[in-house]
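What follows is a short report on a single structure.
The values are calculated or read from the model by the stated rules, or taken from the named source; none is laboratory data. All values reported here derive from a predicted model rather than from experimental measurement. All Cβ positions, glycine included, derive from the backbone under ideal geometry; neighbour counts span all protein chains shown. When the accessible area is computed, the model is the full protein with side chains, heavy atoms only, and any ligands, DNA or RNA have been set aside. Shrake-Rupley method; radii C 1.70, N 1.55, O 1.52, S 1.80 Å.
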Amino acid sequence: MSMAMMLQGSTAGVFLPLLMLFLIILLILIACKPWRFFTSLSSPSRTLKVGELERPLVLDDASALDQGNELTSNDLEGAYSQNEGLPHSPWTSELVCKQRLPSASPQLNQGDSIVLDVVSDQIEELSAGQTLRCPSLTEPLAEVQNRARQEDQSPNLKCGLENDLLLDMFLCLNAGSCLSLEVISGPSRGLCCSVQSISASRLPLTLGRVSSDLLLKDSEVSGKHAMINWNADKNKWELVDMGSLNGTLLNSQLISHPDSGSRLWGDPVELSNGDIITLGTTSNVHVHVTSKFQSQTPFSVGMASDPMALRRGGKKLAMEDVCYYQWPVPGIPQFGVFGICDGHGGVAAAKSASKMLPEKVASILSDSLVRERVLLQCDASDVLRVAFSQTEADMNNYYEGCAATLLLVWADSDENFFAQCANVGDAACIMNVDGRQIKMTEDHRVSSYSERLRLNETGEPLRDGETRLYGLNLARMLGDKFMKQQDPRFSSEPYISETVHVKQASSAFALLASDGFWDVISLKKAVQLAMQAKQRYSAGGENVAEKVASILLTEAKTLRTEDNTSIVFLDFDRKYRISCKVDS
């Protein structure tokens, strides 16, 4: 009896552990679902080689698939999954891809999700161009932005448009605009921030003291003080006050809501290159706007500007300079304009002129006969003269005016360049071609010798020692309609230079700068500084023109100029050129 009981106890002691082991294995099987690997054998997914990924994986229109007779592995939207043992990168992250199928497909319905498994023989050699193709340069900016927003919000597409690398790809290949902000005074002086107009996920850009993109450690700045956004309809950056306590100024003009105690938002105001945003009383932010057309310019271009706001014992100095350039001018291949407008009495006239002058040039050159005559005669004097005349006629600035300097550059069929300049006022331009200095502008200050000769010819010369005309030190400008009505000696007739030929093998550059620069630096010294800076940075892969412009601006600061200073630098050296021929 005792032996039987012992056997029974021994059997139970063996059975219970086996039962527990069985239950554990059953739970593991239920959790892991190993049968899914067998069912996947019948699925349409397949393994692809990198060499097969020749067509773009991102398709703009599902209807494009209807053009083919059968579904291929290329008709997918997405990218390959991450391979084990490889470092993480935006191109190797695991992605879920939505398959787009013809309606006649018997196996899967449109919108079904599959896993795309891509195996590369040499994955380290895979470049972005092999897997993703961005929209063409001719695609309208608004379409790119709208698609970027849709893809950002799509729950099915995990292709990572928020990835900086992919966004950079869009930015390099599509027209757009870059906004850079630099805090030039106040507790956060030196702080910088930049954003692209088609970075939908990074807009709007906020400025404030708490949880903002541009974080200002200033007690006079509200937590959420102001906001900057891109207006795709106007292709402009816009600034709006977000109901701040101490208000927002743009170029010393209040843009906050009139009812300061209501905490209501103000109206959006357009931003331009060179603007100064003031938050509170001490934090000034300099605005720098560049166009993405810049990357298509067939030579190196750099721009730099500073209001020099602290050069008069702390007195606020509004930024009245406006720099601009367009290559090519809209609808006119192989022609570009580069210019500076230096306002007085406010920035309104400078903004008007900087907008109108390129438009007038483009309108005049849209006449094929005019364009052919310029190319044949290598002279654009009439184009420049008419552009200034039409701009002056259309400007509605009675109590504000501006100096204006415009450099027109064009290329012939052999990719040689020609440059011709027109100016009114004292923003000067100089060119250096193979070591030869060429002054492209004329000084129209009342104190200059050439302008005094012109005033003498009017029959009403200035008295000896007189350096101003009705309080102005300029005798030629755009705008100032009231002053011109009072005294006919004021003029808007531009000085127009001879055409300068820059051969393909020439070493050449052009420098445009407002009078704040020329007040402290001579033409000869400016050329020397530019050449030294070019030699210093020519070995690197940086934009040499931007470096030169920055160094010239720094030199003006060092010499303590007391006026707004703006610089545009063009480097025509062959090694910085890209083709500007137009396909016929």
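General observations
- Residue match in the stretch 361-368 (condition: part of a helix (DSSP H, G or I) and loosely packed, with under 15 Cβ neighbours inside 10 Å): yes
- When restricted to residues that are touching a Phe, Trp or Tyr at 6+ places or on another chain (Cβ under 7 Å) and farther than 18 Å from H286 by Cβ, the stretch 216-231 contains 1.
- Residue selected from the stretch 475-501 under the condition among the aliphatic types (A, V, I, L, M) and modelled with pLDDT of 95 or more, by the criterion most open to solvent (accessible area, probe 1.4 Å): I496
- Within the stretch 182-196, tally of residues that are part of a loop (DSSP other than H, G, I, E, B) and polar (S, T, N, Q): 1
- Pairs linking a residue in the stretch 290-319 that is of a type in the set (K, R) and at pLDDT 60 or above to a residue that is part of a helix (DSSP H, G or I) and buried (at least 19 other Cβ atoms within 10 Å of the Cβ), with Cβ atoms under 9 Å and 6 or more positions apart or on different chains, do not occur.
- Spans of strands (runs of 3 or more DSSP E) in the stretch 386-433 with at least 1 residues touching a residue at least 60 places away in the same chain (Cβ under 8 Å) and surrounded by fewer than 22 Cβ atoms within 10 Å (Cβ to Cβ): 417-424, 428-433
- Yes/no for S256 being in a loop (DSSP other than H, G, I, E, B) and buried (at least 17 other Cβ atoms within 10 Å of the Cβ): yes
- When K524 is tested against (1) touching a strand residue (DSSP E or B) at 6+ places or on another chain (Cβ under 9 Å); (2) under 25 Å from S389 (Cβ atoms); (3) open to solvent by 10 Å² or more (accessible area, probe 1.4 Å), only condition (2) is not met.
- Among the residues examined, Q504 qualifies as at pLDDT below 95 and assigned to a loop (DSSP other than H, G, I, E, B).
- Those residues of the stretch 206-242 which are among the hydroxyl-bearing types (S, T, Y) and either surrounded by fewer than 21 Cβ atoms within 10 Å (Cβ to Cβ) or closer than 20 Å to V289 by Cα (or both), in sequence order: T206, S211, S212, S219
- Where a residue in the stretch 456-483 is part of a helix (DSSP H, G or I) and its partner, wherever it lies, is open to solvent by 70 Å² or more (accessible area, probe 1.4 Å) and modelled with pLDDT of 85 or more, with Cβ under 9 Å and at least six apart: K481/N396; K481/Y398; K481/Y399; F482/Y398; F482/Y399; M483/Y398; M483/Y399
- Pairs are defined by a Cβ separation below 9 Å, a sequence spacing of at least 6 or placement on different chains, a first member in the stretch 239-265 that is farther than 18 Å from N229 by Cα and polar (S, T, N, Q), and a second member that is in a strand (DSSP E or B) and open to solvent by 90 Å² or more (accessible area, probe 1.4 Å); no pair meets this definition.
- Looking only at the stretch 511-559, and only at residues there that are among the β-branched types (V, I, T) and within 22 Å of the chain's Cα centre (by Cα), the one that is modelled with the lowest pLDDT: V544
- From the options S506, S450, S497, S491, residue that is more than 32 Å from the chain's Cα centre (by Cα), of a type in the set (G, A, S) and closer than 23 Å to L408 by Cα: S491
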